[in-house]
């Protein structure tokens with residue numbers, strides 16, 4: 001069954017050249033179930049073009065810009081000349097990444113025993129929530145299972161996705177860590193410490209992952225993965241301060257210990 005998605009005017013699309021004529025080139029759009037597009041000779045290259053085949057050939061993969069879309073006629077007008085080298089490279093990389101993500105999702109479906117309908121639901125939710133399937137895997141690589149907290153996906157499936165993402169995607173992020181000591185002599189001391197840890201874990205920032213783990217009484221480890229050290233240090237400090245502020249407010253004691261552990265994530 002054909003996908004009913006259509007590109008929008010201004011989109012960059014990956015095309016396969018299907019047929020070259022004296023007045024232009026017919027293509028199929030790789031990301032839109034092979035819907036056909038046409039590049040008029042005037043949109044091949046800036047300036048005068050004598051032979052279209054001097055610039056495109058059958059079977060070639062190219063990146064075009066969408067000029068017009070007529071769904072009633074099932075017609076898409078494209079431009080090759082309106083795509084610069086940077087836009088071309090970025091689009092090709094995006095397309096390749098999406099192909100990887102689709103293969104990974106096929107693997108997820110096989111591992112989890114999902115049928116086509118269940119897989120399609122996950123794909124649609126990834127496109128809606130993250131903008132693309134590959135972006136969903138990037139989020140999984142960075143944030144783990146938390147990346148899918150807003151989606152209704154079976155926990156087993158999420159675990160497979162996260163493992164696959166973290167095994168295959170190496171993000172240019174840094175990792176730092178520190179420790180907080182949390183103490184309370186109150187009868188409900190365990191609950192007070194839990195409150196402090198909750199406060200620490202509520203620190204949120206885009207593109208940052210924060211994990212808190214128990215290392216042995218009274219010490220807890222705060223681990224931060226972020227785009228750069230400045231952001232990581234800021235989040236680490238704020239998280240520790242929130243925990244200490246909360247436990248002191250509830251009558252306990254807290255202390256932060258920064259150490260030199262740094263690594264590429």
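Its residues counted as N, segment 63-128 yields a C-alpha radius of gyration over 2.2 N^0.38 Å of 1.52.
Here the alpha carbons of segment 12-83 define both size measures, Rg and Dmax, at 11.1, 32 Å.
At q = 0.21 Å⁻¹, what log₁₀ I(q)/I(0) does a Debye calculation on the Cα points of segment 144-265 give, no solvent, two decimals? Log10 I(q)/I(0), no solvent term: -1.13.
Rg/Rh, computed from the Cα trace of segment 99-184 with Rh as the Kirkwood radius, has the value 1.08.
Under the simplified labelling scheme, the residue 211-residue 96 pair shows an inter-label distance of 2.9 nm, with each label point 7 Å from Cα along Cα→Cβ.
Kirkwood hydrodynamic radius computed over segment 1-140 comes to 16.4 Å, based on all pairs of distinct alpha carbons. Projected label points at residue 171 and residue 257, each 7 Å from Cα along the beta carbon direction, are separated by 2.8 nanometres. All C-alpha to C-alpha distances of segment 141-211, sorted into 10 Å bins beginning at zero, yield P(r) values of 15, 35, 31, 16, 2 percent in whole numbers.
Among 209, 258, 74, 143, the ranking by other beta carbons within 10 Å of each residue's beta carbon, starting with the fewest, stands as 74, 258, 143, 209.
Applying Stokes-Einstein at 25 °C and 0.890 mPa s to the Kirkwood radius of segment 204-256, computed over alpha-carbon pairs, gives a translational diffusion coefficient of 207 µm² s⁻¹. As a rough footprinting exposure proxy, the listed residues 41, 190 were ranked by other beta carbons within 10 Å of their own, and the order from fewest upward is 190, 41. Scaling the Cα radius of gyration of the chain by the globular reference 2.2 N^0.38 Å produces a ratio of 1.40. Structural descriptor for the chain: relative contact order 14 percent, calculated from alpha carbon pairs under 8 angstrom and at least 6 residues apart.
Throughout, read-outs are computed from the coordinates displayed, never taken from laboratory work. This one's a predicted model, so the numbers in the text were calculated from it and none came from an experiment. Cβ sites come from the backbone with ideal geometry, for glycine too, and all protein chains shown count toward neighbours.
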